[in-house]
1. Take the residues in the stretch 57-78 that are within 21 Å of the chain's Cα centre (by Cα) and assigned to a strand (DSSP E or B), then tell me which one is surrounded by the most Cβ atoms within 10 Å (Cβ to Cβ).
2. List every residue pair whose Cβ atoms sit under 6 Å apart, with the two residues 6 or more apart in sequence or on different chains, where the first one lies in the stretch 14-35 and is over 11 Å from residue 137 (Cα atoms) and the second, anywhere, is away from ligand 1 (no atom under 12 Å from the Cβ) and assigned to a helix (DSSP H, G or I).
3. How many residues are in a strand (DSSP E or B) and free of Cβ contacts under 8 Å to residues at least 40 places away in the same chain when one looks only at the stretch 367-382?
4. Can you tell me which of 293, 287 is surrounded by 14 or more Cβ atoms within 10 Å (Cβ to Cβ), farther than 30 Å from residue 203 by Cβ and at pLDDT 85 or above?
5. Could you please find all residues in the stretch 255-270 being loosely packed, with under 13 Cβ neighbours inside 10 Å and either at pLDDT 90 or above or in contact with a helix residue (DSSP H, G or I) (Cβ under 7 Å, 6 or more places away or on another chain) (or both)?
6. Going through the stretch 29-39 one residue at a time, which ones are in contact with a strand residue (DSSP E or B) (Cβ under 9 Å, 6 or more places away or on another chain) and more than 16 Å from ligand 1 (Cβ to nearest atom)?
7. Confirm whether residue 248 is modelled with pLDDT of 85 or more, on the phi > 0 side of the Ramachandran plot and within 16 Å of ligand 1 (Cβ to nearest atom).
Ligand SMILES: Nc1ncnc2c1ncn2[C@@H]1O[C@H](COP(=O)(O)OP(=O)(O)O)[C@@H](O)[C@H]1O
Ligand SMILES: [Mg+2]
């Protein structure tokens, strides 16, 4: 059985760790085997529970809330020998192929390896335990986005550096550098294949129906626009955002309270409520009040969870973003819909062979076209509330083939 995965992300300090910990505690309280893992190098999961944590799952509160386990994965500690070795391989091969040493150094500085390994570790923990739900306390949004896009970016990088047609490279090496180089290339190519498999597995995990991202934010105007961009960018990667959590809502004050403090709170709360209303179209927004005391320890966290979820199940939020694409017929044209709440993002579209390259705020995603649309030409694109609609018309030339 594969565990459901719930990833908490958001800007630094918004409350990711607190809410991930509270959610896991709540799950354990409801009798589910829950594991909460932190992959943020700035570990504070242990602080939230008020216990010491290591890389292996440990029970947080064996005498009280049983079934709750937590771990802190240190991405930096994961950069293992295998990677160092692979880099070595790559450098040798590149040198054999006549690539300058400095260039080889740069080409093999594999981007984002640490984050990748942390994700792999989450995957391993999720697969090798009795967990029904694994809650992940991720790093800050930008970092996490990069991390989520990584498997694809990485695959593209490898593809550029080492074309699928390894035989070509092999042939080149045999001519230029002799049989020793060919053997080394074979070893490297094998290592790369294994890496590609790992990447595919990670992408599978992140885009699986059992995985959801919960975005934590503070209800402030400047944050709202960024939240939209983040939701769109995640959808573009095929990652489901299920629910936003607005943390640190100031308490509502009774209408008959007067004085400067009451007035301040009332104004602040009205502003925050307006931001929440503005974000409502992105799906279920839950809110957590700013508490007077920092919620530290299982009891305090459970109380936060009660405010957050009420009687609802923390897993399976309403209003998740659905399938990224759908195709409808419109007269003699087809409309490909990309469910992206693009907001104020920078959007660029290009047809690249049988794929549509969608670039959102500098992040590119190749969306494979359904077979039907491969034989069409793009006639236009529009943005509306439902996202992006790209129009296609059958191309008689292509259609006949
Ligand atoms: N709703 C809240 N009320 C009061 N304090 C909070 C609340 N949420 C978080 N905190 C406190 O704010 C600080 C930052 O929260 P944390 O969960 O560590 O944020 P992040 O993981 O996003 O960096 C912590 O000291 C935490 O106890
Ligand atoms: Mg944190």
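The values are calculated or read from the model by the stated rules, or taken from the named source; none is laboratory data. If you're wondering where the values come from, they're calculated on a predicted model, not measured in any experiment. Positions of Cβ are backbone-derived with ideal geometry, glycine not excepted, and every protein chain shown enters the neighbour counts.
1. Of the residues in the stretch 57-78, the ones within 21 Å of the chain's Cα centre (by Cα) are 70-76, 78.
Those left that are additionally assigned to a strand (DSSP E or B): 70-72.
Working: 70: 27, 71: 22, 72: 22.
Here the answer is 70.
2. From residues that are over 11 Å from residue 137 (Cα atoms), the pairs are 25/298; 25/302; 34/24; 34/27; 34/28.
3. Taking the stretch 367-382 and keeping what is in a strand (DSSP E or B), we get 367-368, 376-382.
Right, trim to free of Cβ contacts under 8 Å to residues at least 40 places away in the same chain and you get 368, 377-378, 380-382.
Residues meeting the conditions: 6.
4. On the way: 293 fails: surrounded by 14 or more Cβ atoms within 10 Å (Cβ to Cβ).
Residue meeting the stated conditions: 287.
5. Keep residues of the stretch 255-270 that are loosely packed, with under 13 Cβ neighbours inside 10 Å, which gives 255-261, 263-264, 267, 270.
Passing the criteria: 256, 257, 258, 259, 260, 261, 263, 264, 267, 270.
6. Taking the stretch 29-39 and keeping what is in contact with a strand residue (DSSP E or B) (Cβ under 9 Å, 6 or more places away or on another chain), we get 29, 32-39.
Across the stretch 29-39, the qualifying residues are 29, 32, 33, 34, 35.
7. Details: modelled with pLDDT of 85 or more: yes; on the phi > 0 side of the Ramachandran plot: yes; within 16 Å of ligand 1 (Cβ to nearest atom): yes.
Taking the combined requirement at face value, the residue satisfies it.
Each row is one residue, and each column tells you yes or no for (1) in contact with a strand residue (DSSP E or B) (Cβ under 7 Å, 6 or more places away or on another chain); (2) touching a residue at least 24 places away in the same chain (Cβ under 8 Å); (3) buried (at least 16 other Cβ atoms within 10 Å of the Cβ).
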| site | (1), (2), (3) |
| --- | --- |
| 237 | yes, yes, yes |
| 244 | yes, yes, yes |
| 249 | yes, yes, yes |
| 278 | no, yes, yes |
| 281 | no, yes, no |
| 334 | yes, yes, yes |
